[in-house]
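Trainee: I'd like to ask you about the structure that follows.
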Amino acid sequence: MARLWLIGVLSVAGLPLALAQRDFSGIQITTTDLGNGIYMLKGAGGNLGVSVGEDGVFLIDDQFAPLTDRILAALAEISDAPVGYVINTHYHGDHVGGNENLGKAGAVIVAHDNVRKRMSADQFTAFFNRETPAYPEGAWPVITFNDTIRFHLNGDQVHVMHVPRAHTDGDAIVWFEKANVIHMGDAFWDYYPFIDFEAGGTIGGLIAALDRALDLADAQTRIIPGHGEKVRDKSALAAFRDVM
């Protein structure tokens, strides 16, 4: 376990250089079917959540802009409908990088109020010694919420819940009530996490976010981590919470 957490620390510490030199040409989008029209997609950056059904495609996060076409191609394998909504779990580039592309294609971008605020202004992350310029307006969320917002789509109730001051000050977790799936955004990593203190993140807020998800989950709940190789369960989430 200690070795796994150390690998996570080294992976996060190397992120700025990796992004600066990033070549996306070899990235493939892989799809995991969770049943009930819910999928997890992996590529580069944060893990994606997807709901498909009679109301279309509902997407959680969208990774990096150069991957949009590959993400859309993967989605086309499971639905012929366009992306109707994109939920951003927070403002970091590996989760919102495709916003502008998908917005131009007709998707409605939804996020917490603070995600729009941070995307519309320059940001600085001391841990990486990196300044992130404001995103173009076409990438900003067009619907924002303060606490919770609920979607009634594809035969499910989708609860999008703000978890204050966790990984950032704009984090949201997404619970598919009927399908019994929770997308944690970066409130849950399957290895050592990064908390963005300059963006309002706190360890106490992260623990509170994990507690909230644990209250929603049962032994059958599938949990999509913001980063990690596979879908996890309540016991894995509880173990992560105890480490935090």
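The values are calculated or read from the model by the stated rules, or taken from the named source; none is laboratory data. Please read all numbers here as calculations on a predicted model, not as lab measurements. We place every Cβ from the backbone using ideal geometry, glycine too, and count neighbours over all the protein chains shown. Just the protein is used for accessible areas: all its heavy atoms, side chains included, with ligands, DNA and RNA removed. Shrake-Rupley method; radii C 1.70, N 1.55, O 1.52, S 1.80 Å.
Trainee: At a Cα cut-off below 25 Å, give the lysines reachable from Lys234, other chains included and same-chain residues fewer than 8 away excluded.
Mentor: Lys42, Lys178
Trainee: Quick one: Karplus J couplings for the range 140-145, per residue in order, coefficients 6.51, -1.76, 1.60, θ = phi - 60°, nearest Hz, x for Gly and Pro?
Mentor: Using θ = phi - 60°, the values come out as 6, x, 9, 10, 10, 9 Hz.
Trainee: Which whole-Hz ³J(HN,Hα) couplings does the range 179-193 yield from phi under the Karplus relation 6.51 cos²θ - 1.76 cosθ + 1.60, θ = phi - 60°, glycine and proline marked x?
Mentor: Those phi angles translate into 6, 6, 10, 10, 9, 8, x, 8, 6, 9, 10, 8, 7, 4, x Hz.
Trainee: Still on this model: Scale the Cα Rg of the chain by the rule-of-thumb value 2.2 N^0.38 Å and send over the ratio, two decimals.
Mentor: Values: Rg = 16.4 Å, N = 244, 2.2 N^0.38 = 17.8 Å.
It is 0.93.
Trainee: Can you give the helix-only mean residue ellipticity at 222 nm for the chain, where every DSSP H stretch with n ≥ 4 adds -39500 (n - 2.57) and the sum goes over all residues, rounded to the nearest 500 deg cm²/dmol?
Mentor: On the way: 8 runs with 68 residues, N = 244.
Theoretical 222 nm ellipticity from helices: -7500 deg cm²/dmol.
Trainee: Only bridges with both residues in the chain count here: give the DSSP antiparallel percent, nearest 5.
Mentor: Values: 32 of 46 bridges.
Percentage antiparallel, nearest 5: 70.
Trainee: With a cut-off of 8 Å between alpha carbons and a minimum separation of six or more residues, what is the relative contact order of the chain in percent? Mind dumping the intermediate values first?
Mentor: Numbers: 526 pairs, mean separation 38.3, N = 244.
The normalised contact order for the chain reaches 16 percent.
Trainee: Continuing with this model, one more query. What number does the range 36-81 give for Rg over Rh if you use C-alpha atoms and the Kirkwood radius?
Mentor: Working: Rg = 10.0 Å, Rh = 10.7 Å.
Rg divided by Rh gives 0.93.
Trainee: Given the C-alpha centroids of the range 33-87 and the range 182-205, what is the distance between them in whole angstrom?
Mentor: The range 33-87 and the range 182-205 have Cα centres separated by 22 Å.
Trainee: On to the next question. State, in angstrom, two size descriptors of the range 147-244 derived from its alpha carbons: Rg to one decimal place and Dmax to the nearest whole number.
Mentor: Calculated on Cα positions, Rg and Dmax stand at 12.6, 39 Å.
Trainee: Okay, moving on. Would you kindly find the accessible area of Ser79, with a 1.4 Å probe and non-protein molecules such as ligands, DNA and RNA excluded, rounding to the nearest 10 Å²?
Mentor: For Ser79, solvent-accessible area is about 20 Å².
Trainee: How large is ³J(HN,Hα) for each residue in the range 150-155, as worked out from phi by the Karplus curve 6.51 cos²θ - 1.76 cosθ + 1.60 (θ = phi - 60°), to whole Hz, x for Gly and Pro?
Mentor: 10, 10, 10, 9, 6, x
Trainee: With a 1.4 Å probe and all protein chains left in place, how much of the accessible area of the chain comes from carbon and sulfur atoms, in whole percent? Please report the intermediate quantities before stating the final value.
Mentor: Working: 5550 of 10740 Å².
Ligands and nucleic acids excluded, carbon and sulfur reach 52 percent.
Trainee: Right, here's the next one. Applying a 10 Å radius around every beta-carbon, put 147-153, 173-179 in order of their mean neighbour count, most first.
Mentor: On the way: 147-153: 14.3, 173-179: 20.4.
Per-residue mean Cβ counts within 10 Å order the peptides as 173-179, 147-153.
Trainee: Moving on to the next point. Near the amide H of Ala107, under 5 Å away, which other amide H atoms are found, from residues 5 or more places off or on another chain, if H is placed in the peptide plane?
Mentor: none
Trainee: Can I ask one more? For the chain, with every protein chain kept in place, what is the accessible area per residue (1.4 Å probe, Å²)? Walk me through the numbers on the way to the answer.
Mentor: On the way: 10740 Å² over 244 residues.
Ligands and nucleic acids excluded, the result is 44 Å² per residue.
Trainee: For the range 39-133, what is Rg from Cα atoms divided by 2.2 N^0.38 Å, rounded to two decimals? Can you show the working numbers first?
Mentor: Numbers: Rg = 13.6 Å, N = 95, 2.2 N^0.38 = 12.4 Å.
Taking N as the residue count of the range 39-133, the ratio is 1.09.
Trainee: With only alpha-carbon atoms counted, please give the Rg and Dmax of the range 83-228, in Å.
Mentor: Rg and Dmax of the range 83-228, Cα atoms, are 14.8, 45 Å.
Trainee: Hey, another quick one. I need to check one value: relative contact order of the range 49-139, counting alpha carbon pairs closer than 8 Å and at least 6 residues apart, in percent. Intermediate results must be reported in sequence, preceding the final value.
Mentor: On the way: 149 pairs, mean separation 23.1, N = 91.
It rounds to 25 percent for the range 49-139.
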